[in-house]
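The values are calculated or read from the model by the stated rules, or taken from the named source; none is laboratory data. Worth saying up front: this structure is predicted, and the values here are computed from it rather than measured. Heads up, the Cβs are rebuilt from the backbone with ideal geometry, glycines too, and the neighbour counts pull from every protein chain shown.
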Amino acid sequence: MEEGEFKVRIEPIEGYEYRVSFSKESIPDLVMDEPSPLGRGEHPNAGLLLAAAVGNCLCASLTYCLSRARAEVKGVSAEVYTTLDRNERGRLRVKSIRVQLHPEMDDPKKLERCREIFEDFCIVTQSVREGVPVQVEVETPAGAPGNR
């Protein structure tokens with residue numbers, strides 16, 4: 001990715017299903033849904049995508065580091081374990097994410113240097129760790145009281 005802003009568009013389909021469109025036309029839309037009892041749970045929800053984003057970012061970052069170390073990488077897979085718990089107000093929150101990475105490579109010795117540095121290059125993981133500020137704006141619908 002490059003520096004700068006990118007946009008993702010979210011539009012309702014039905015109930016709690018939403019279509020996610022990306023700014024690159026070559027990337028297909030994604031459908032998201034909430035689990036039962038809110039939604040039907042037929043598509044991933046935001047928590048699942050957060051876990052997938054952290055895991056994917058770490059896999060890609062480790063793969064890149066190993067390739068720079070001239071290791072022959074057959075692949076890096078991962079399991080991402082995400083813990084949900086309620087906060088003091090009773091709201092569900094992501095409390096922790098634990099990722100187990102499984103690199104397949106020719107020379108495990110080349111892994112040692114990457115162990116020390118690859119996480120620092122992972123955009124999503126480090127952003128989540130630092131607590132990304134989120135600014136929320138809610139527009140008042142046209143015709144609603146107070147919007148003239």
TODO: Just give me the residues in the stretch 1-45 being surrounded by 15 or more Cβ atoms within 10 Å (Cβ to Cβ), in a loop (DSSP other than H, G, I, E, B) and of a type in the set (D, E), in sequence order.
DONE: D33, E34
- [ ] Please indicate, with yes or no, whether at least one residue in the stretch 70-82 is surrounded by 15 or more Cβ atoms within 10 Å (Cβ to Cβ), modelled with pLDDT under 95 and not acidic (D, E).
- [x] yes
Task: Condition broken by S23, with the remaining ones in (1) closer than 22 Å to V124 by Cβ; (2) at pLDDT 95 or above; (3) in contact with a Phe, Trp or Tyr (Cβ under 9 Å, 6 or more places away or on another chain) satisfied - done: (2)
Task: Residue count for the stretch 101-148, restricted to those that are without any contact (Cβ under 8 Å) to a residue 24 or more places away in the chain and either part of a helix (DSSP H, G or I) or surrounded by 11 or more Cβ atoms within 10 Å (Cβ to Cβ) (or both) - done: 10
